[in-house]
Amino acid sequence: MTQYLFVFTILALTYVFGHCSLGDSFPSYRNCVVECSQKRCDKDGVRYKRSCCLVVLEVFKWKCSENCKYDCMWPMVEGLVERDWPVPQFHGKWPFKRLLGLQEPASVAFSLLNLLTNLVMFNRFKEQIRFTLPSCNIWSLYTLVSANCWFWSAVFHGRDTMFTELMDYISAYAMVLFAFYTIGHRILLYSNQIVKNTFTVICSLAFIYHSLYLLTTEYDYKYNMTTNLLVGAVTGTAMLIWAVLNRRRMGHGKYLIFYVLGMTLASLLELADFPPLLWTFDAHSLWHLATAPNAYFMYKFAIEDCKHQRRMLLK
């Protein structure tokens, strides 16, 4: 009965306070933040009245008011856990224990793991593909776009600001769209140059439009997520169709199938939403972990496909 009363109370508070998350709607939490800000912070809420004791907080430019929210959050979380009540989100995010000033350390680590995996596999690609082909340039660009994406993912999860969030979303879309461009370039490899140029222009305009939309409008999470899912689904479908249709002549298409299956299974983690395990590992961070091995299949396909193209040219 007490749990039902608790749920009803937090829902009522959420309604009263509008767009708040459940956690930051509690009066006790709000009072704690106000008292902390008055005691520790200057009027602007950015600087401390006295020097901050932790250098890492200064390095990552954590505002005094933000640290008050963080410090007031954990007594609330501990109290809820002790009573075996569900832990809500605070300000739209699950509670995470910082590590060296990093906001979501697991997502940072796993983003860097993806970055490392792409660089390692691209180095293997360069070791095995020493000849020049149009596709070689595409895979070099693919690596550059992917590395940029995972870099900004690590930065964003380390310190969530409007700028790092925007860079993360734009870079993520760039990677998703360039994967589509990469398979499209392979499908159109022997097509008329006008057709290939038209395809390049269309993809470029799609990226520019999406980026400008995010830059010039109030951020629309649903639009951004829907766009990425749609492009990703089209890319995966194109990869599977190409691999199946060319399975007899080009057996290395199987690596694309493995890649699509791996990314699809990893994406199932994005459907989950639960408080972080050990206040560190949430569904999104585990998704980052699950995507890292899939780079192997993408670059393995790139290596074998470039070798196949080379053989065709030498015939």
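The values are calculated or read from the model by the stated rules, or taken from the named source; none is laboratory data. Note that the coordinates shown come from a computational prediction; the quantities given were computed from them, not determined experimentally. Because the Cβ atoms are built from the backbone with ideal geometry, glycine has one as well, and the counts that use them run over all protein chains shown. The protein model used for the area step is the full one, side chains on, heavy atoms only, and it has no ligands, DNA or RNA in it. Shrake-Rupley method; radii C 1.70, N 1.55, O 1.52, S 1.80 Å.
Some points to look at:
- Normalised by the number of residues in the range 143-251, the average gap of Cα pairs under 8 Å and 6 or more apart makes the relative contact order 29 percent.
- If you wrap the tightest convex hull around every Cα atom of the range 23-114 and split its volume per residue, you get 119 Å³.
- Summing charges over neighbours of W62, with a neighbour being any other residue whose Cβ is under 15 Å away from its Cβ, gives +2 when K and R count +1 and D and E count -1.
- Of K196/K222; K126/K222; K93/K222; K61/K97; K126/K254, pairs whose Cα-Cα distance is over 27 Å: K196/K222; K126/K222
- Taking T216, T264 and ordering them by how much accessible surface each has at a 1.4 Å probe, largest first, produces T216, T264.
- Among L245, L112, L177, the largest mean-square fluctuation in a Gaussian network model of the chain, built with springs joining Cα atoms closer than 10 Å, belongs to L245.
- Residues R186, R310, sorted by accessible area with the largest first, give R310, R186 [1.4 Å probe; ligands and nucleic acids excluded].
- Accessible-area order (highest first, 1.4 angstrom probe) of the listed residues I257, I170, I241, I303: I241, I257, I170, I303
- The long axis of helix 254-271 is offset from the longest Cα principal axis of the chain by roughly 10 degrees.
- Share of carbon and sulfur in the accessible heavy-atom surface of the chain [1.4 Å probe, %]: 66 percent
- Calculated [θ] (222 nm, deg cm²/dmol) that DSSP helices of n ≥ 4 give over the chain, each run adding -39,500 (n - 2.57): -24500 deg cm²/dmol
- Accessible area of the range 188-315 divided out per residue, in Å², using a probe of 1.4 angstrom: 60 Å²
- Ellipsoid semi-axes for the range 81-120, based on the Cα gyration tensor and the rule √(5λ), read 30, 10, 9 Å when sorted largest first.
- Principal-axis analysis of the Cα atoms of the chain puts helix 134-158 at an angle of about 10° to the longest axis.
- Hull shadow area, averaged, the range 136-178 [alpha-carbon convex hull, nm²]: 2.5 nm²
- Per residue accessible area in Å² of the range 30-167, where ligands, DNA and RNA are left out and the probe is 1.4 Å: 56 Å²
- Debye intensity ratio in log₁₀ form over the Cα atoms of the chain, taken at each q of 0.12, 0.13, 0.15 Å⁻¹: -0.91, -1.01, -1.23
- Computed extension gain for L133 through L313, at 0.36 nm per residue and net of the alpha carbon distance, reaches 63.8 nm.
- Placing R0 at 45 angstrom, the Cβ-Cβ distance between L144 and V46 gives a FRET efficiency of 0.80 after rounding to 0.05.
- Rounded to the nearest 20, the size of the Cβ-charge dipole of the chain about its Cα centre is 1460 debye, with Lys and Arg at +1 and Asp and Glu at -1.
- Calculated FRET efficiency for the pair T161/V34, C-beta based, R₀ 25 Å, to 0.05: 0.60
- Estimated at 0.36 nm per residue, the fully extended path between T200 and K126 surpasses their Cα-Cα distance by 24.2 nm.
- Prolate/oblate/rounded call for the range 49-189, Cα gyration tensor, a/c under 1.5 rounded: prolate
- At R0 = 22 Å, FRET efficiency that the Cβ-Cβ distance of I208 and T237 yields, to 0.05: 0.35
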